[in-house]
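Before any comments, here is the structure.
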Ligand SMILES: Nc1ncnc2c1ncn2[C@@H]1O[C@H](COP(=O)(O)OP(=O)(O)OP(=O)(O)O)[C@@H](O)[C@H]1O
Ligand SMILES: [Mg+2]
């Protein structure tokens, strides 16, 4: 569990994290989202006590990080920046970390295997690919069997197989009751892994919500359905969590139900459909709408969108 | 996203399978030992230091021609003093001091340049034990190789100087003390490097500071007014250290005991500054 209270960090006169409060609860994957320069990595460094907050505080399992006797057992972290000596082998790096906590040799082999690094464990880390480096970072994060896991852009540099591996790993860790914090700047990617979302822009909290609520409130994840019997279908789809809107009598916009279910309901009742389109991309758009005023690094207008 | 939240244990706490012990100094020491052992620069620097000491010292004795020339090698404060068997045996000392100093600098500054410091301090958030462990290990390792190098050079040199007027044996007055003083000086130089590296957080900066302080500062001091120079000169780090391994005491130098104490004082001061920066600033 991570609890940030009015966490603030200034570098010189630039406020990078600004009065940020949020909680990362056990048993959930919390997605930590924000555009480039929003302050995600800075926040994570403050969680580990590597950077000291200018104001406010952050605790891990109820205490400041440095107050724990065996911190690697409380929280395991993968940071954005490289944190391994390129001349050392993966095995030596993990062994040195394990020794600070009296962690047995066997656990080092265990996390090496878990991260799929067996074949390169004895090689110099400097020769690792980006993805192998990420896997080593994740192995190090899990070394102390931590109650909380915090990963800064873990899928960065991973191939599709690696991305899937991370997704399953995080789901498993959360199912074991651990608190998981995962940063990213991709909403669509995060929504697939996370239960909860903490969205920041320019260091300030923009949203602290569940993925479900975010999808519902932003009206994304909706499905466009067109049918000659739209009126009848509207009645059939009605439910407590379902909202159906329609601009004319052949087209409906359904949220709260997936395309698969709508298709099934329509078939069961013999309603002919001529369009069934999930509006998936709009999740990313909703995120951009939310953060667009808070962009640290704005690109020159290319399509008129960012100039608004 | 909902599928993964279904079968969660009621208690919420993660199953604790891996036995984890609290961070203690002896564990940090063990961890730092592993880190020292597992990078190449450690072995390169220590071997080079040993070879420089042993080889230069031995060669010095064998090429000695009895002409009574002064020592030309060494920091300015030492060069020019009358030649004796011990200073011949320690011919490689100033080169070795740079090598072991660099070794010390790399052990701390290298953590910053490679980013390892983040892993290190995440594991040991109290921070200072890491610095103490590195100082102890670097100092200890160098003490061993420097003693080995100095004694080897001296003993081989004894053969080369056999029959010469300046020949002395290990049992003669001051010889043992000088050789041990040299080893202690080099060990402290390594700790000095550790402190400079931690203070400046950059290998290039640390090495530049080391060279400037040990080798250039005494020369630069000659620009001072004479009376100042005479008073201050013995207290410069490398001059004070030089007193610890000189066979004979002279009026313009501190005594061996004072010398090593003053040098240790400089090192302690730098280490304290490094500790302050490590504890107080972001990484
Ligand atoms: N040590 C530092 N000194 C000065 N400014 C810093 C420092 N670290 C970060 N910053 C600034 O703080 C801001 C936030 O950086 P941070 O790395 O936390 O963002 P981020 O959300 O992780 O971004 P990204 O998605 O690109 O990783 C940036 O503008 C960055 O330039
Ligand atoms: Mg970042």
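Of the candidates A:191, A:171, the single residue that is in contact (Cβ under 8 Å) with a residue 40 or more places away in the chain, part of a helix (DSSP H, G or I) and surrounded by 23 or more Cβ atoms within 10 Å (Cβ to Cβ) is A:191. Of all residues in the stretch A:178-192, those satisfying the criterion of being within 12 Å of chain B (Cβ to nearest Cβ) and closer than 15 Å to residue A:2 by Cβ are A:178, A:179, A:180. No other residue among A:160, A:154 is without any contact (Cβ under 8 Å) to a residue 12 or more places away in the chain and under 17 Å from the mean Cα position of the chain (by Cα) apart from A:160.
Among the residues of this structure, residue A:45 counts as one that is assigned to a helix (DSSP H, G or I), in the same structural domain as residue A:183 (by the TED database) and within 16 Å of ligand 1 (Cβ to nearest atom). Considering only residues in the stretch A:51-74 that are in contact with a helix residue (DSSP H, G or I) (Cβ under 6 Å, 6 or more places away or on another chain) and part of a loop (DSSP other than H, G, I, E, B), the one that is nearest to the other protein chains (Cβ to nearest Cβ) turns out to be A:51. Return the residue satisfying two criteria in turn: it lies in the stretch A:174-188 and is closer than 30 Å to residue A:99 by Cβ and within 16 Å of ligand 1 (Cβ to nearest atom), and of such residues it is surrounded by the most Cβ atoms within 10 Å (Cβ to Cβ). Here the residue is A:181.
Taken over the stretch A:31-63, the criterion of being touching a residue at least 12 places away in the same chain (Cβ under 8 Å) and more than 16 Å from ligand 2 (Cβ to nearest atom) is satisfied by A:49, A:53, A:54, A:55, A:56, A:57, A:58, A:59, A:60, A:61, A:62.
Considering A:81, A:77, the condition of being within 16 Å of ligand 1 (Cβ to nearest atom), in a loop (DSSP other than H, G, I, E, B) and under 16 Å from residue A:153 (Cα atoms) is satisfied by A:81 alone. Looking only at residues in the stretch A:171-208 that are under 10 Å from the mean Cα position of the chain (by Cα), within 17 Å of residue A:78 (Cβ to Cβ) and more than 16 Å from ligand 2 (Cβ to nearest atom), the one that is modelled with the lowest pLDDT is A:193. Looking at the structure I just gave you, is residue A:48 under 29 Å from residue A:212 (Cα atoms) and crowded, with 21+ Cβ neighbours inside 10 Å? In short, no. Can you spot a residue in the stretch B:99-111 that is without any contact (Cβ under 8 Å) to a residue 24 or more places away in the chain, more than 14 Å from the chain's Cα centre (by Cα), at the interface with chain A (Cβ under 9 Å from one of its Cβ atoms) and not in a helix (DSSP H, G or I)? So far as the stretch B:99-111 goes, no, none of its residues is without any contact (Cβ under 8 Å) to a residue 24 or more places away in the chain, more than 14 Å from the chain's Cα centre (by Cα), at the interface with chain A (Cβ under 9 Å from one of its Cβ atoms) and not in a helix (DSSP H, G or I).
This table checks each residue for (1) within 14 Å of chain A (Cβ to nearest Cβ); (2) touching a residue at least 12 places away in the same chain (Cβ under 8 Å); (3) buried (at least 21 other Cβ atoms within 10 Å of the Cβ).
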site: B:126; (1), (2), (3): yes, yes, no
site: B:129; (1), (2), (3): yes, yes, no
site: B:139; (1), (2), (3): no, yes, yes
site: B:143; (1), (2), (3): no, yes, no
site: B:146; (1), (2), (3): no, yes, yes
site: B:169; (1), (2), (3): no, no, no
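Restricting attention to the stretch A:68-127, the residues being surrounded by fewer than 20 Cβ atoms within 10 Å (Cβ to Cβ) and within 16 Å of ligand 2 (Cβ to nearest atom) number 3.
Just one of (1) touching a residue at least 12 places away in the same chain (Cβ under 8 Å); (2) more than 30 Å from residue A:51 (Cα to Cα); (3) under 25 Å from the mean Cα position of the chain (by Cα) fails for residue B:133. It is (2). What number of residues within the stretch A:25-35 are more than 16 Å from ligand 1 (Cβ to nearest atom) and under 18 Å from residue A:77 (Cβ atoms)? The total comes to 4.
Residue-level analysis places residue B:20 among those that are within 14 Å of another protein chain (Cβ to nearest Cβ), at pLDDT 90 or above and in a loop (DSSP other than H, G, I, E, B). How about the stretch A:142-168: which of its residues are within 10 Å of chain B (Cβ to nearest Cβ) and surrounded by 19 or more Cβ atoms within 10 Å (Cβ to Cβ)? The answer is A:142, A:143, A:144, A:145, A:146, A:147, A:148, A:149.
Residues being farther than 17 Å from residue B:118 by Cβ, at the interface with chain B (Cβ under 7 Å from one of its Cβ atoms) and either within 13 Å of ligand 1 (Cβ to nearest atom) or within 21 Å of the chain's Cα centre (by Cα) (or both) are entirely absent from the stretch A:8-21.
The values are calculated or read from the model by the stated rules, or taken from the named source; none is laboratory data. Bear in mind that the values here come from a model prediction, so they are computed numbers and not experimental data. Because the Cβ atoms are built from the backbone with ideal geometry, glycine has one as well, and the counts that use them run over all protein chains shown.
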